[in-house]
Amino acid sequence: LTLRPWHESDTPAIVAAHRDDAMRRWLTHPIAEEDQARAWLTDLNTHCANGTLLSWAVEQEGTVVGHFTIKAANPPETLATGVGYWTTAAARGNGIASRCVDAATTWLFGDQDLMPADEIELLHTVGNEGSCRVAQKCGYTLDSVLPSHPPQFPHQGHRHLRKRPSTAA
């Protein structure tokens, strides 16, 4: 797997990925056309430029198979840094999301200072069993069930959490 910056030339791949009904069910902002994909990329670039987000295309053998993002903590909304992802239908079930989450968790809890984190949250809609499995596989525990907040979040969510390991001996 390769994590790389998104490019405008990826817009067809983004639209194609969002045509998957299973993925559309879980996303808060599905993309149906290339103009929406370009707007999404512009939004990602804005957040990346202001330091509130790190975002990558996930590529395997030259094909976009997913998206991975790290969101900075945003007090008072959340004190935790967040991880998020999606994978294409063809790539789903191959451990791509869990590999990205595991690598990001190790990096975030390491000695980097780009985006320090003491807690990392993984949020998903209740019923998204794939994301629950990713969270569990990567050592995140179910912290709480979040109420729905229509219209942006019309369904309840799960908040999985992982805390920085203690360094005390």
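Here is a yes/no grid of residues against (1) surrounded by 13 or more Cβ atoms within 10 Å (Cβ to Cβ); (2) within 26 Å of E77 (Cβ to Cβ); (3) more than 15 Å from the chain's Cα centre (by Cα):
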residue: T11; (1), (2), (3): yes, no, yes
residue: R19; (1), (2), (3): yes, no, yes
residue: Q36; (1), (2), (3): yes, yes, yes
residue: L41; (1), (2), (3): yes, yes, no
residue: T46; (1), (2), (3): no, yes, yes
residue: G51; (1), (2), (3): no, yes, yes
residue: L54; (1), (2), (3): yes, yes, no
residue: Q60; (1), (2), (3): yes, no, yes
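A single member of K163, K137, K71 is closer than 26 Å to S9 by Cα, of a type in the set (K, R) and modelled with pLDDT of 95 or more, and it is K71. Would it be correct to say that L122 is assigned to a strand (DSSP E or B) and under 15 Å from the mean Cα position of the chain (by Cα)? Spelling it out, L122 is indeed assigned to a strand (DSSP E or B) and under 15 Å from the mean Cα position of the chain (by Cα). Just name the residue that is least open to solvent (accessible area, probe 1.4 Å) out of those in region 72-89 that are more than 17 Å from L27 (Cα to Cα) and among the small types (G, A, S). The selected residue is A80. Give the number of residues within region 101-158 that are in contact (Cβ under 8 Å) with a residue 12 or more places away in the chain, of a type in the set (S, T, Y) and surrounded by 13 or more Cβ atoms within 10 Å (Cβ to Cβ). Final tally of qualifying residues: 4. When region 159-169 is limited to residues that are without any contact (Cβ under 8 Å) to a residue 40 or more places away in the chain and within 27 Å of P30 (Cα to Cα), the one that is surrounded by the fewest Cβ atoms within 10 Å (Cβ to Cβ) turns out to be R159. Taking region 1-32 as the range and being touching a residue at least 12 places away in the same chain (Cβ under 8 Å) and among the polar types (S, T, N, Q) as the test, the residues that pass are T2, T11, T28. A single member of A117, A80, A168, A97 is modelled with pLDDT under 95 and either in contact with a helix residue (DSSP H, G or I) (Cβ under 6 Å, 6 or more places away or on another chain) or basic (K, R) (or both), and it is A117. Just one of (1) under 21 Å from L161 (Cβ atoms); (2) surrounded by fewer than 16 Cβ atoms within 10 Å (Cβ to Cβ) fails for T2. It is (1).
The values are calculated or read from the model by the stated rules, or taken from the named source; none is laboratory data. Quick caveat: nothing in here was measured; it's all calculated off a predicted structure. Every residue, glycine as well, gets a Cβ built from its backbone with ideal geometry; the counts of neighbours run over all protein chains shown. The area values use the complete protein model at the heavy-atom level, side chains included, leaving out ligands, DNA and RNA. Shrake-Rupley method; radii C 1.70, N 1.55, O 1.52, S 1.80 Å.
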